[in-house]
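Each remark here refers to the structure printed beneath this line.
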Amino acid sequence: MPHLIDFDGLEHDLFVLQHTAYGSREFCEKFDLNMDCDDGDYEWWEYKGLLKSYVGNKIIESAIKLRMVQDFAKHDDDELDVKAFDREARHGLVIGSISGLSTPLSLRESCNKIVHATEARMHWMNSQNKPEVEYWSGVYELFGESRGKGWQVDLNIPEWCTAMIRFNKTMQEEVDWHHAYKHDW
């Protein structure tokens, strides 16, 4: 019997994470945030720290939950084509890229890279409306090493969230969770 996964909670977290990515520019413009900002309602270090902590935690939690859901479902039904669900969830989206590879990044691989990253950075941009203002672009850069070779993944958080939400909905519809949980007494 697998752990009970809160699908609605996962979708909620992804929605807020996506909203956060889309809202960073407006927030930073409102408070005139940049690296030289050290007074006002928010200081740069404070904003950057709060944002990275929130984003990092939600990405990690979501990645782990998705991987668990995939593994539980596949264990319960060998015929389930989780890879097809992954492809369908990413249809029309570019969730990110792995440096040096031209193949599309799958949700499963993105989750693996999130879990195994040894460094994570947020990509910052200057606002076109206020060039002195910096904001999070929505890209989360992950770095790590596998078999002695370094890798980098640039994760497009808004599109990753959309694909994750799609996948989450498909898993709820296509998997007989009642059957998977039936021996939980």
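The values are calculated or read from the model by the stated rules, or taken from the named source; none is laboratory data. Since this is a predicted model, take the numbers as computed values, not measurements. The area values use the complete protein model at the heavy-atom level, side chains included, leaving out ligands, DNA and RNA. Shrake-Rupley method; radii C 1.70, N 1.55, O 1.52, S 1.80 Å.
Using θ = phi - 60° and the Karplus relation 6.51 cos²θ - 1.76 cosθ + 1.60, list the HN-Hα couplings for region 112-123 in order, rounded to whole Hz, with x at every Gly or Pro.
4, 5, 4, 5, 9, 5, 9, 8, 9, 9, 9, 8
How large is log10 I(q)/I(0) at q = 0.15, 0.21, 0.27 Å⁻¹ when the Debye formula is applied to the Cα atoms of region 34-119, each weighted equally and without solvent?
Values returned for q = 0.15, 0.21, 0.27 Å⁻¹ are -0.72, -1.05, -1.30.
How many percent of the accessible area of the chain is carbon or sulfur, using a 1.4 Å probe?
On the way: 5400 of 10900 Å².
Here it works out to 50 percent.
Identify which of K74, K149, K58 has the largest mean-square fluctuation in a Gaussian network model of the chain, with springs joining Cα atoms closer than 10 Å.
K149
Among the lysines, which fall within straight-line cross-link reach of K83, defined as a Cα-Cα distance under 25 Å, with same-chain neighbours fewer than 8 residues apart omitted?
K58, K65, K74, K113, K169
Residue separation times 0.36 nm, minus the C-alpha to C-alpha distance between D6 and S146: what's the value?
Details: separation 140, 0.36 × 140 = 50.40 nm, distance 3.16 nm.
Value of the extension gain: 47.2 nm.
Viscosity 0.692 mPa s, temperature 37 °C: what is the translational diffusion coefficient of the chain from Stokes-Einstein with a Kirkwood Rh over Cα pairs, rounded to a whole number of µm²/s? Walk me through the intermediate numbers first.
Numbers: Rh = 17.8 Å.
The Stokes-Einstein estimate is 184 µm²/s.
Using a 1.4 Å probe, what is the accessible area per residue for the chain, in Å²? Don't skip to the end; give the middle numbers.
Values: 10900 Å² over 185 residues.
I get 59 Å² per residue for the chain.
Cut-off under 22 Å on the C-alpha distance; same-chain residues fewer than 8 positions from K130 excluded. Which lysines are left, in chain and number order?
K30, K48
Taking θ = phi - 60°, what integer Hz values does the Karplus form 6.51 cos²θ - 1.76 cosθ + 1.60 yield along region 130-136, in sequence order, with x for Gly and Pro?
Working through the residues one at a time gives 9, x, 6, 8, 10, 9, 6 Hz.
Ranked by accessible surface with a 1.4 Å probe, highest first, in what order do S97, S62 come? Numbers along the way, then the final one.
On the way: S97 55, S62 0 Å².
Descending accessible area places them as S97, S62.
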